[in-house]
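Right, one structure below, let's go through it.
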Amino acid sequence: MSTLNDIIEVHICMGTAGVASGGHEVMEAFEQEFKKEGVPVVLKERNCKVKATGCRGLCARDVLVDIHLPGMEPITYEHVTPEMVPTIVQEHIGNGQVVEKWAAKKDYYDFYKLQKRYVLKNCGKVDPEDIDDYIAHGGYEAIKKVIREMTPEQVIEEVKKSGLRGRGGGGFPTGVKWGFCRASKGDLKYLICNADEGDPGAFMDRSVIEGNPHVVIEGMLIAAYAIGCKEGYIYCRAEYPLAIKRVKKAIKIAEERGFLGKNILGTNFEFHLHLKEGAGAFVCGEETALIASIEGERGMPRSRPPFPAVRGLWGKPTNVNNVETFANLPLIILDGADFYASMGTEKSKGTKIFALSGKVKSTGLVEVPMGITVRQLIFDVGGGIPKKRKFKAVQLGGPSGGCLPESLLDTPIDYDSLIAAGAMMGSGGVVVMDETNCMVNVAQFFLTFTQRESCGKCIPCRIGTKTMLDVLNRITSGQGREGDIENLLDLAQDIKTASLCGLGQTAPNPVITTIRYFRHEYEAHIRDKKCPARECAPLIEFVVADDRCKKCGICFKACPVGAITWEKGKVAYIDKSKCVKCRECIVNCPFNAID
Amino acid sequence: MVTVKIDGIEVQVESNVTILEAAEKAGVHIPILCHDKILKPFGACRVCLVEVKNNPKLMTACTTPVADGMEITTTNEKLAKIRKTLIELLLINHPLDCPVCDKGGECTLQDLTYEFGVSQIRFDPKPNDTPVDHTNPFIERDIDRCVLCGRCVRICDEVVNIQAISFQNRGTDTVIGTAFNQPWNCEFCGQCMSVCPVGSLNNRVYLFKNRPWNLEKTETVCGFCSCGCTILVDHEDNEVYRIKEEYDLGVNKGLLCVKGRFGFESFNSVKREKNPKIKTGEEYKIISNEEAYKVAADKLTEIKNKYGKDAVAFIVSPRITNEEAFIVQKFAREVIGTNYIFSSESADCLPEGTYADVEASDDITVLNIDLTEANPILGLFVRMTARKNEGGLRVFYPKYTALKRVASEFYTGKPSELISLMESFVKAIEGENNGCSEAAAKVRNAQKPVIIFNPYSKGDVTLAKRIKKAVPAAKLIPAKLKNNSQGIVDMGCSAGVLPGLKKTEIPSLEELVAKDKIKGFVIIGENIAVNPSYYRVVDSIQKSEFVLVTDPYFTETAKISTLYIPVASFVEKNGSFTNLEGRVQRIQKAVDKQVVSDAKVIKEIALLMGASLPDDVGAIENMIKQEVELYKDVDFNGGLVRYPYIIDDLVNTVSSFVGNGKYELFKGSLRFHSGTYTSWSPDLTKVYNDIMLEISEEDSKELNVNENDMLAVEIDGILKKFKVSIDKYMPKGVVSLPANYKGAEAVFSKGEYLRVNLVKHER
């Protein structure tokens, strides 16, 4: 049942994906529609409120619109365009008749079945730019409880008891980390929220900040109280302009309402929060490089020890946590550590937000309890592989992580199991691959990224990743040599051991795991000069296999340069002199008939 | 103290040292590349990775602090493999330049390649071919050889505090460069070059001339200024090829300046004379040394007999050694019998503070000097301390200097206003409540205040002494100019001073010359013809009966002499200097240029006049120890002289202005020059060899002059034109000329501060 009384609410997804899909236009269309002549009569004089909300999760179906009629279940419409709005208003809101053809189907709701939208529970419900909406949904109750009923030590104990581990990828027990910083001497301590989220394909933190920025602020307040920090920074990457806009607005209004600044809630507790924008460097997601960046220095990591908890920002004790980690805190305080610890596994408590992308039907933001298997995540939540293709591998943890092949699909998702399997939780990026993905190409993709983002300070990462990339480039262009695989593995080990920071220490992981599970692909590239997945253009012959071609003509239509000749009922033929190796034919062929 | 075990060897160290430092104490070698003793640990190269028991990660020895009971392994198979890979990776991009690279033979990359046994590269070499950068007149930059250890960036940041270069771009595109790739325009101190472990930053004066294994190293003390830096002279076959440094030698911690590093060709100068010259008519005729000594002895005896012993005057340069100065004054006082010994130095301002005092200070005041030009190494210690203390540096100077970047207070303005301000400052320290009370309170409350002042301005000396009287804990450091400015005074070669700083009264040189009392002059090394202090007497001196000049070069003063004898520069003789700290340090002969030392000249002339004076440095040192009380117990290998610091009743001298023109003129500096040796260095003069009149931007607009136009300075009957240089930090109505170079003697002879007029010149 809709829990809203008497007011009709139209919730429109206005996360970046929603906006990109036309969320603003849809919102305008609704507002216009409600103002039009004669419409209030249709609506029987009820109040209609159009509300922008955060990410609902199934970004692939944007623009998503929820209609909340009092006394009825909320109905979700997918792929809404401004043209559809008048019909929805007339029939659904006016007459109470759901427009079935546009409403979300079973697969939409299946998407949510295994999820536990706990941290994200208000994301998609609350207007991120309206602090009162956040308060109406229980916002800022946790910090009130903390300040009025708990001591800082009690807060740290509660967080320790909850078993919360850092959600940025490190997985370090948060309560323990806070304890180090609290124990450091000094009056001035800093709290930093790492919102740099540089992993390609990761948008968990973005969605939380865009959808519910106040939960992050509240989480930081709880941490600041527990550790004793007076000053805080949210370091948000500049490539998230919407998140930055919303955080700035949230900080300002929180200050006005007395949740930030001096004498918070009328007590001695003070916390001043500042926003610092990143400048396009993945390495600044590493905590010491992030600290250097805030100081105005070049974003290069620094040796540890000394650890930031002892000597961090401007030499003062500093605690750095991820956005999602902070977002968990108000819930832990309000629901209690015991309840929180009841979710998840023995060593990995709570839930984790993942960004599902790649060859999976339902791409978007999901939140699942720790402990569900990778198979469940991809097939039950994600809906499985589209276009009737076969699952090949899944990359977990972005460019720092590793891939898992089919044989390891039943690995439970928790910090330790994934590491044991050779991958890692990372920040939550999940990229699914099917049989048309070349694993050498996958490794090359991630290594290109880390190599480009290397800060250049230490020899193993700066030169080592480039050297590994050069070898991979040779392999994917048909110039692989005997001994390349051994050299790659050997160099990878040295880079992992010797690098200064996490970027270098984990950059070789995609290469190591793809060689471990897909060595035959590497060997095919090197020895046979062939790419079995047909992704590496220099190794593809672009010849139609007569025996597999079903004469459907799809490739003929897909080719942008007209290099394919085909007639109905005949096998297609590719003219190599015209072919530009764009692979559109291969990508579109449903029968894998082109070699 | 904590105990740690390194490779099984137990060693006790302070609790805040790094593994690398502990290993040094234990005698265990850990290879390094990006680390340097004078810099903060960086941890970039990973070469020093070691294993620490119970720690799954390898730790960099240079950054990791020790803990009690730590057990460290510095070499094993795993570490050896990693080190090999690191060098292999560096060699992939490193050009195969060893045969033509100056660093060959002393290159850290070569050494590590050899030490780690890197004998093959498994990956494709990819060196770049970037053109070599020659925009810097002294330092060649070959960016392809750079290994990105960051030492150059860090020393320019942490020590020199100029931040002229930094990392640009990211990852494999990283290069070391200047802001916006502008041509290098810094102090050219060469600190970056001295710490570069490979041949990426090279000394252009030394470039391609020799190989390190051919060179002999002689440790000695630099003679370009009063800092007293220990240098290593690299020479072969009596040619000086290079000047280098070392952190553990002397007091300068391996820091040198542009003069020391790049000015050494002045010693090899082909313009140096090898034979004495005697004036015959308008020409100079070459004679032998023996003939020259005879001429000198004869003429001096003649003058003494004819006019009396006080008819000979001595002018001594502060560049000669203690031993030479002692022998010169002995010759003057005992052989000639006169006390008329003059120099540009005075006994009024004695050294008290040392570089260690600067490093330990929590409040430094620099009164009215362009410290980083006058005494670069003292300037560096000041900058490092100010940076470490994040402040505690107060500077008074008419315009902003390099110290601006680290100073917490910098007072500029017209000289007349500045002098009043300094007066207020000192009055506030003495207890008066005025606008400077806040700053004065800092000095009074500081634990270890240091005051650095200009000892050549009587007004400034008075200010410094007044501060000392009010704050006895303050240490005074007079910024003396020349390498033995203090030593010659101690030896008794300053007007009215007997050896050991005993006082005596003599008339001034001007008085004596005006009354035509002096018939013969012995000028040891001082280039009086271009020194403002002697401007008024030069003409008269030129006309005297006999002028003997000794100097390594045939200077302007040599050109007015009757007899010129070429002598050794500081790299060609033994002896000792006393620097601005009051520290006595020995110099060693490195090369022989077939000229004699001043001591020998004096000895020979004395011998011909019937007196026996030694020229052997050891013998003279013994004499000094016996006859100069002040030096009796001083260790000549770096010991400090304990000067009697008594501030008696101060005669309140205030700096005065001469003239009534519109612009205030003060004594500035010409970059990279100290005016004597440096003028003979083709490399230093290539960059700056012409003095410029520095004026403000507003004045240049008012006068409608541009850079390099000519402007004439008019003061009290003197009209001299100079090239204009526009300085954006110069206050309006203020101009300056360098006092440490030739060309402005006529102007500066008028006084310390001048009010001049500027006249436009058509040319």
Taking the range B:350-368 as the search range and keeping residues that are within 19 Å of the chain's Cα centre (by Cα) and part of a loop (DSSP other than H, G, I, E, B), which one is surrounded by the most Cβ atoms within 10 Å (Cβ to Cβ)? B:N368
Considering only residues of the range A:559-595 that are over 41 Å from the mean Cα position of the chain (by Cα) and assigned to a strand (DSSP E or B), which is surrounded by the most Cβ atoms within 10 Å (Cβ to Cβ)? A:Y573
Pull up the range A:132-164, narrow it to residues that are hydroxyl-bearing (S, T, Y) and in contact with a strand residue (DSSP E or B) (Cβ under 9 Å, 6 or more places away or on another chain), then point me to the one that is nearest to A:G344 (Cα to Cα). A:S162
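Condition check ((1) surrounded by 18 or more Cβ atoms within 10 Å (Cβ to Cβ); (2) touching a residue at least 40 places away in the same chain (Cβ under 8 Å)) across all residues:
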{"position": "A:P70", "(1), (2)": "no, yes"}
{"position": "A:E78", "(1), (2)": "no, no"}
{"position": "A:P82", "(1), (2)": "no, yes"}
{"position": "A:Q90", "(1), (2)": "no, yes"}
{"position": "A:A103", "(1), (2)": "no, no"}
{"position": "A:V119", "(1), (2)": "yes, yes"}
{"position": "A:N122", "(1), (2)": "yes, yes"}
{"position": "A:V126", "(1), (2)": "yes, yes"}
{"position": "A:H137", "(1), (2)": "no, no"}
What are the residues in the range A:274-305 that are surrounded by 17 or more Cβ atoms within 10 Å (Cβ to Cβ), within 12 Å of chain B (Cβ to nearest Cβ) and assigned to a loop (DSSP other than H, G, I, E, B), if any? A:A281, A:R298, A:G299, A:M300, A:P301, A:R302, A:S303, A:R304
Determine if the range B:488-496 includes at least one residue that is farther than 30 Å from B:I429 by Cα, among the charged types (D, E, K, R) and crowded, with 17+ Cβ neighbours inside 10 Å. yes
Looking at the range B:410-456 only, could you name the residues that are part of a loop (DSSP other than H, G, I, E, B), out of contact with any Asp or Glu (no Cβ under 6 Å at 6 or more places or on another chain), under 20 Å from B:L476 (Cα atoms) and small (G, A, S)? B:G431
Selection within the range B:92-144 - among the hydrophobic types (A, V, I, L, M, F, W, C), away from every other protein chain (no Cβ under 14 Å) and buried (at least 19 other Cβ atoms within 10 Å of the Cβ): B:C101, B:C107, B:F138, B:I139
Inspect the range B:488-506 for any residue being basic (K, R) and outside any loop (DSSP other than H, G, I, E, B) and give the result as yes or no. yes
Might you check whether a residue that is at pLDDT 90 or above, under 30 Å from the mean Cα position of the chain (by Cα) and either in a helix (DSSP H, G or I) or surrounded by fewer than 22 Cβ atoms within 10 Å (Cβ to Cβ) (or both) occurs anywhere in the range A:145-155? yes
Taking B:G659 and the conditions (1) touching a strand residue (DSSP E or B) at 6+ places or on another chain (Cβ under 6 Å); (2) on the phi < 0 side of the Ramachandran plot; (3) not basic (K, R), which numbered condition does it fall short on, given that it satisfies the others? (2)
Of the conditions (1) hydroxyl-bearing (S, T, Y); (2) more than 14 Å from chain B (Cβ to nearest Cβ); (3) farther than 17 Å from A:M433 by Cβ, A:T513 clears all except one; give me its number. (3)
Quickly run through the range A:477-508 and pick out the residues that are of a type in the set (S, T, Y), closer than 24 Å to B:A61 by Cβ and more than 10 Å from chain B (Cβ to nearest Cβ). A:T506
Filter result (among the β-branched types (V, I, T) and either surrounded by fewer than 23 Cβ atoms within 10 Å (Cβ to Cβ) or under 15 Å from B:V4 (Cα atoms) (or both)) within the range B:52-91: B:V52, B:T63, B:T64, B:V66, B:I72, B:T73, B:T74, B:T75, B:I82
When you look at A:S427, is it at pLDDT 95 or above, surrounded by 19 or more Cβ atoms within 10 Å (Cβ to Cβ), within 28 Å of A:G299 (Cα to Cα) and among the hydroxyl-bearing types (S, T, Y), yes or no? no
Which one of B:E88, B:E77 is more than 18 Å from A:I459 (Cβ to Cβ), within 14 Å of chain A (Cβ to nearest Cβ) and free of Cβ contacts under 8 Å to residues at least 60 places away in the same chain? B:E77
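Rundown of residues vs (1) touching a strand residue (DSSP E or B) at 6+ places or on another chain (Cβ under 9 Å); (2) farther than 18 Å from B:C493 by Cβ; (3) crowded, with 24+ Cβ neighbours inside 10 Å; (4) hydroxyl-bearing (S, T, Y), yes/no style:
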site	(1), (2), (3), (4)
B:I286	yes, yes, no, no
B:A292	yes, yes, yes, no
B:T301	no, yes, no, yes
B:A325	yes, no, yes, no
B:V335	no, no, no, no
Anything in the range B:585-637 that is of a type in the set (A, V, I, L, M, F, W, C) and within 29 Å of B:E239 (Cβ to Cβ)? List them, or say none. B:I587, B:A590, B:V591, B:V595, B:V596, B:A599, B:V601, B:I602, B:V617, B:I620, B:F636
Suppose the filter is touching a residue at least 60 places away in the same chain (Cβ under 8 Å), surrounded by 23 or more Cβ atoms within 10 Å (Cβ to Cβ) and within 14 Å of chain B (Cβ to nearest Cβ); does A:E210 pass it? no
Subset of the range B:426-446 (residues that are touching a residue at least 60 places away in the same chain (Cβ under 8 Å) and buried (at least 22 other Cβ atoms within 10 Å of the Cβ)): B:V443
In the range B:316-347, which residues are over 22 Å from B:S674 (Cα atoms), in contact with a Pro (Cβ under 9 Å, 6 or more places away or on another chain) and assigned to a loop (DSSP other than H, G, I, E, B)? B:Y340
If you go through the range B:663-676 one residue at a time, do you hit one that is within 15 Å of B:V759 (Cα to Cα) and aliphatic (A, V, I, L, M)? yes
For residues in the range B:20-51 being away from chain A (no Cβ under 11 Å) and outside any loop (DSSP other than H, G, I, E, B), which is surrounded by the most Cβ atoms within 10 Å (Cβ to Cβ)? B:A22
Sole residue being buried (at least 17 other Cβ atoms within 10 Å of the Cβ), without any contact (Cβ under 8 Å) to a residue 24 or more places away in the chain and of a type outside the set (F, W, Y), chosen from A:L408, A:L418, A:L329, A:L404: A:L418
List every residue pair whose Cβ atoms lie under 7 Å apart, where the two residues are 6 or more positions apart in sequence or sit on different chains, the first residue falls within the range A:574-595 and is over 17 Å from A:K530 (Cα atoms), and the second residue, located anywhere, is of a type in the set (A, V, I, L, M, F, W, C) and exposed (fewer than 14 other Cβ atoms within 10 Å of the Cβ). A:I574/A:V543; A:K578/A:V561; A:V580/A:V561
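The rows are residues; the columns are (1) within 14 Å of chain B (Cβ to nearest Cβ); (2) among the charged types (D, E, K, R); (3) not in a helix (DSSP H, G or I).
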site	(1), (2), (3)
A:A420	no, no, no
A:V430	no, no, yes
A:V442	no, no, no
A:F446	no, no, no
A:Q451	yes, no, no
A:R462	yes, yes, no
A:L472	yes, no, no
A:I475	yes, no, no
Considering only residues that are in a loop (DSSP other than H, G, I, E, B) and modelled with pLDDT under 90, which ones fall in the range B:715-743? B:D716, B:G717, B:A739, B:N740, B:Y741, B:K742, B:G743
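The values are calculated or read from the model by the stated rules, or taken from the named source; none is laboratory data. All values derive from a computational prediction rather than experimental measurement. Note that we place each Cβ from the backbone using ideal geometry, even for glycine, and neighbour counts take in every protein chain shown.
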